[in-house]
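Read the structure below first, then the notes.
We did not get these values from a lab; they are worked out from the coordinates using the rules stated. Please read all numbers here as calculations on a predicted model, not as lab measurements. Using ideal geometry, Cβ is built from the backbone for each residue, glycine included, and neighbour counts are taken over all protein chains shown.
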Amino acid sequence: MVRTLAIALIFAIVALPLFAKCVRAEGLLSSAASESRTDDPDPPRSEEPKDRDRHHHHHCDDDVDSAASELVGTLLFYGTIFAVDAMIPDKRTVRCVNESGQEITYTIYGPPGYFSDYPYQHEFGYMLMGDEWISMGKTTSIRGSVEYGTDFSDLSRVGTKLLVEGTSRWGIDMQWDEYFENIPSGGTDQLTLGDLNFTFRAPQGYHSQFRFGLGTNLLEDRNGSEFGINFTTGYDVYLGKPWIWSTEIDLGKVGSADLFRFRSTLGAQWKRAEVFAGYQYTNLEGIELDGFVSGMRFWF
């Protein structure tokens, strides 16, 4: 079963880029940045005042609709959090003393989950479920990665990722990507795309963990910065030593553009280091920034 899943994932990683758009317009990064700009262009001089007023009114309606959708999404996110909180059994408060002698209080949802020093330290998965592991497990997990992505043409990317989680199930997730594009007309264009999310882990177990969260997106280039809301989901599956399958999906906005991102990687773990390869697809209002990705992740 593990071998079948691994072969299927590797096939997807190799095949997906072949179905990506092969022909791109000049200035892909510049086009993506332009799609995100929230500034409303001035109407033509020949436009009648009545038409300008109608155009302005339509733009305001779009802003109101966008703000309303973001508010509804935020309320749905926190509503889901509270619903999950209410449904998970065995919620309790735990008090412990850290190495400095300070008392720490935190809430445990369901069977308490602690963290190994690194995946497969105990010959299975990553998390340690139950009070019997309290003396061996950690209450905080930190993992960071560096990676390189390319579409094997004019587009390349250098990325970093960070995930910090606790026994309380809450965490912080961050991704920061620097895109570089060789412009056919000459020169190099650059674009920064990042996000920062607060996450909640549920469900969780010895061999897999699922998380979802809410945060913000950032796009920056030489013309300025744009921000927007972001919803994220992700999961890690420990297929069997040394394999780790990680997948994430982001859906949100940056400036006036809709943003969708999907990434999936298969990694091989040794002690605190993981070497991985996979595929990342980003769609910014129809502009596709995709490609093969490889890198290293470190677990602390």
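With N as its number of residues, the range 130-207 has a Cα radius of gyration that, divided by 2.2 N^0.38 Å, comes to 1.60.
Quick one: if the Förster radius is 30 Å, what FRET efficiency do S34 and V164 give, using the C-beta to C-beta distance and rounding to 0.05?
On the way: r = 34 Å, r/R0 = 1.14.
Computed FRET efficiency for S34 and V164: 0.30.
Between T192 and Y206, full extension at 0.36 nm per residue minus the direct alpha carbon distance yields a gain of 1.5 nm. Placing unit charges on the Cβ atoms only, positive for Lys and Arg and negative for Asp and Glu, gives the range 190-258 a dipole magnitude near 320 debye about its Cα centre.
With Cβ to Cβ distances under 14 Å as the rule, what net charge do the other residues near G144 carry (K, R +1; D, E -1)? Show your work: numbers first, answer last.
Values: positive: R143, K161, R272, R297; negative: E147, E165, D173, E274.
Once positives and negatives cancel, what remains is 0.
In the range 152-300, the convex hull through the Cα atoms has an average projected area of 9.4 nm², a quarter of its surface area.
Kirkwood hydrodynamic radius of the range 213-295 from all distinct Cα pairs, in Å? Intermediate results must be reported in sequence, preceding the final value.
Values: mean 1/r = 0.0707 Å⁻¹.
In the range 213-295 this quantity evaluates to 14.1 Å.
The slack in the chain from R222 to Y235, taken as 0.36 nm per residue of separation less the alpha-carbon distance, amounts to 1.2 nm. The modelled label-to-label distance between N182 and S294, using points 7 Å beyond Cα along the C-beta direction, is 1.8 nm. Assuming charge only on the beta carbon of Lys and Arg (+1) and of Asp and Glu (-1), the dipole of the range 126-242 about its Cα centre is about 600 debye to the nearest 20.
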